[in-house]
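Scroll down for the structure; my scribbles are underneath it.
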Amino acid sequence: MKVKWRTFMKKNTNAIKYNVLLTKNTGGYTVTVAALPGCISQGKNVEEALEHIKEAIGLYLETLAEEGKRLPIETNIISSFVDIFPSRKTVYA
């Protein structure tokens, strides 16, 4: 059964939230979604990158729906920081 993402979202008023990771690089930002393997996008700035990843997520979920697969719900993601104490010889980028 083919389900269009935009049609699904118009009928479903409950937002699906996914954590995204933005990584700054020389051309702007790369964005990945841990809960959606292979879902990646980029943009010249944060706002553009987030708009692009929203579209990528929509297409990803639309493809899953067309294949009859369940939409992933993010439940296993924990975000944290760790403290590292490098030696004095460490060179930082």
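Going by accessible area, probe 1.4 Å, with all protein chains left in place, what is the ranking of Leu61, Leu21, Leu71, largest first?
Values: Leu61 5, Leu21 105, Leu71 50 Å².
The most accessible residue leads, giving Leu21, Leu71, Leu61.
Taking the highest mean first, how do the peptides 30-41, 77-88 order by number of other beta carbon atoms within 10 angstrom per residue? Don't jump to the answer; show the numbers that get you there.
On the way: 30-41: 16.9, 77-88: 5.6.
Sorting 30-41, 77-88 by mean packing, highest first, produces 30-41, 77-88.
Taking θ = phi - 60°, what integer Hz values does the Karplus form 6.51 cos²θ - 1.76 cosθ + 1.60 yield along region 40-51, in sequence order, with x for Gly and Pro?
Karplus values, whole Hz, x for Gly and Pro: 9, 8, 7, x, 5, 9, 4, 4, 5, 4, 5, 5.
The values are calculated or read from the model by the stated rules, or taken from the named source; none is laboratory data. What you are looking at is a predicted structure, and each value in this text was computed from that prediction instead of being measured. Here Cβ is always computed from backbone atoms with ideal geometry, including for glycine, and neighbour counts include all displayed protein chains. Only protein heavy atoms, including side chains, enter the accessible area calculation; ligands, DNA and RNA are left aside. Shrake-Rupley method; radii C 1.70, N 1.55, O 1.52, S 1.80 Å.
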